[in-house]
1. Go from 0 up to the bin containing the longest alpha carbon distance in region 150-290, width 10 Å each, and give me the % of pairs per bin.
2. Distance between Cα centroids, region 1-41 to region 174-193: provide it in whole Å.
3. Per residue of region 2-16, in order, report the coupling 6.51 cos²θ - 1.76 cosθ + 1.60 (Karplus, θ = phi - 60°) as ³J(HN,Hα) in whole Hz, putting x for Gly and Pro.
4. Seen from all sides and averaged, what is the projected area of the convex hull of the Cα atoms in region 1-129, in nm²?
5. In whole percent, what relative contact order does region 65-130 give with Cα contacts below 8 Å and a gap of six or more residues?
6. Given Cα pairs under 8 Å that are at least 6 residues apart, what percent is the relative contact order of the chain?
7. Which percent of the Cα-Cα distances in the chain go past 36 Å?
8. Given the DSSP H assignment, sum -39500 (n - 2.57) over each helix run of at least 4 residues in the chain and divide by its residue total; what's the result at 222 nm in deg cm²/dmol, nearest 500?
Amino acid sequence: MKAGAGAEWHTLRDVLVHEPGIEVFFALTAPKHHLYERFFCLDAARQEHLRLCTVLHDDFGVRVHRLAAAVRDGAETDPAIRTALEEVAAGGGRAMDPPAADRDTGNLLLTAVLDPVAGDGRVTLGKTMHNLYFMRDQQVCTARGMVTGRMATAERQREVALTGLALAAIGAGPVGAVGAGRCEGGDFIPAGEFALVGCGSRSDRAGIEALLSCGIGFDEVAVVHEPVHPLVRGRDPMVNMHLDTYCNIAGDGIAVGTPALLDRAAVEVLHREADGFVTAGWEGSLASYFKEKEFAIVPITTLEQLCYASNFLCVRDREAVAVDAGALAPRVIERLQEKAAERPGKYDALLAAAREDYRRLMAGGGFFPYTKEVAAAGLEMVPVALTNATGGYGGAHCMTCTVRR
């Protein structure tokens with residue numbers, strides 16, 4: 001398979017996904033300590049994830065590869081993948097009884113995901129892959145192919161090796177690897193003649209430079225610096241932790257985003273020169289950059305952004321699978337009320353804006369993607385109710401690893 005994506009609006013052919021599994025149950029015992037936004041029903045999240053995969057396959061003809069099946073099949077046919085799976089399961093050389101070489105592939109896979117540690121008659125969990133079903137972040141799909149990323153949080157770092165095995169098993173092994181800093185797939189958006197790369201909480205300058213050194217297939221790169229949310233007192237990087245949580249591209253010449261954040265996201269343009277990239281001298285906001293590129297912007301409200309409206313998955317030019325923001329809005333406001341009560345003053349303005357957006361959107365006829373702005377832009381958005389699955393902090397875009405467009 002020739003992996004790669006030159007533009008977010010090119011027809012989606014292959015994705016890699018992972019159904020939320022038993023690892024999610026353990027994270028839900030203490031959601032806030034495992035990078036989750038809120039508690040949610042695991043069984044419902046599984047059904048929602050299945051629905052997302054069904055829509056992609058049945059409605060759009062996308063080939064959906066599942067991580068567990070890919071790794072098992074690969075380990076049973078390729079000795080190198082089997083050996084690598086044993087190493088991931090052993091957690092860097094930890095003794096296992098029986099040893100990894102004597103275990104079946106299903107056991108090795110579950111061991112790799114859960115990282116169980118036995119001792120004194122008890123089994124505890126080590127660096128469990130609680131967030132594995134967010135398959136966007138462990139790697140970057142560039143125009144040249146897959147590039148292995150480097151996760152920003154310790155909790156997610158082990159995921160990279162496992163997703164790499166799945167990609168190798170389906171014939172989409174990486175063409176490069178980020179060897180310094182941190183770089184996550186949710187911060188990368190290919191856009192034809194240029195690419196957007198987010199720089200902030202999850203991807204830093206060293207990681208971006210390492211990504212660019214792999215040769216990503218673009219002559220122009222816009223480094224988008226993560227904006228501080230104007231309605232949060234202090235910082236909360238989880239509110240807009242990746243570029244795709246507040247901005248996305250729905251078609252050739254069409255972006256979707258929150259104006260307040262697009263106006264505050266500073267852009268530095270880099271151009272390819274010889275074997276590297278140099279600063280082009282252009283600086284401005286992301287909104288200004290889109291204007292220069294003649295991209296129209298479909299605006300979303302603060303509340304819709306918090307409901308992952310921009311975290312849609314484009315499947316064809318002007319066609320996408322999106323989160324039903326209206327179905328999710330009451331839960332998001334409820335959680336925001338809890339956060340405001342826990343941290344007096346920090347989230348008051350954000351909560352007030354969300355409540356006002358809810359009132360106005362309810363009175364005005366609909367939430368994203370059922371808005372007049374979406375219709376006026378000629379976008380066809382298929383809504384999927386990811387009401388529970390989004391509780392781990394992400395929508396359809398975050399839950400899918402694009403392999404081929």
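1. Per 10 Å bin, starting at 0, the Cα pair percentages come out as 11, 40, 35, 13, 1.
2. So the two Cα centres are separated by 17 Å.
3. Those phi angles translate into 8, 6, x, 8, x, 7, 4, 8, 5, 4, 6, 10, 9, 9, 10 Hz.
4. On the way: hull surface 42.1 nm².
Its average projected convex-hull area is 10.5 nm².
5. Numbers: 59 pairs, mean separation 16.3, N = 66.
It rounds to 25 percent for region 65-130.
6. Details: 860 pairs, mean separation 87.1, N = 405.
Once divided by the residue count of the chain, the mean separation gives 22 percent.
7. Numbers: 17194 of 81810 pairs.
Distances greater than 36 Å cover 21 percent of the Cα pairs.
8. Numbers: 13 runs with 127 residues, N = 405.
Mean residue ellipticity at 222 nm (helix-derived): -9000 deg cm²/dmol.
The values are calculated or read from the model by the stated rules, or taken from the named source; none is laboratory data. Note that the structure is a prediction, hence the values are computed from the model and not measured. Backbone-built Cβ (ideal geometry, glycine too); neighbour counts: all protein chains shown. Side chains included, ligands, DNA and RNA excluded: accessible areas come from the protein's heavy atoms. Shrake-Rupley method; radii C 1.70, N 1.55, O 1.52, S 1.80 Å.
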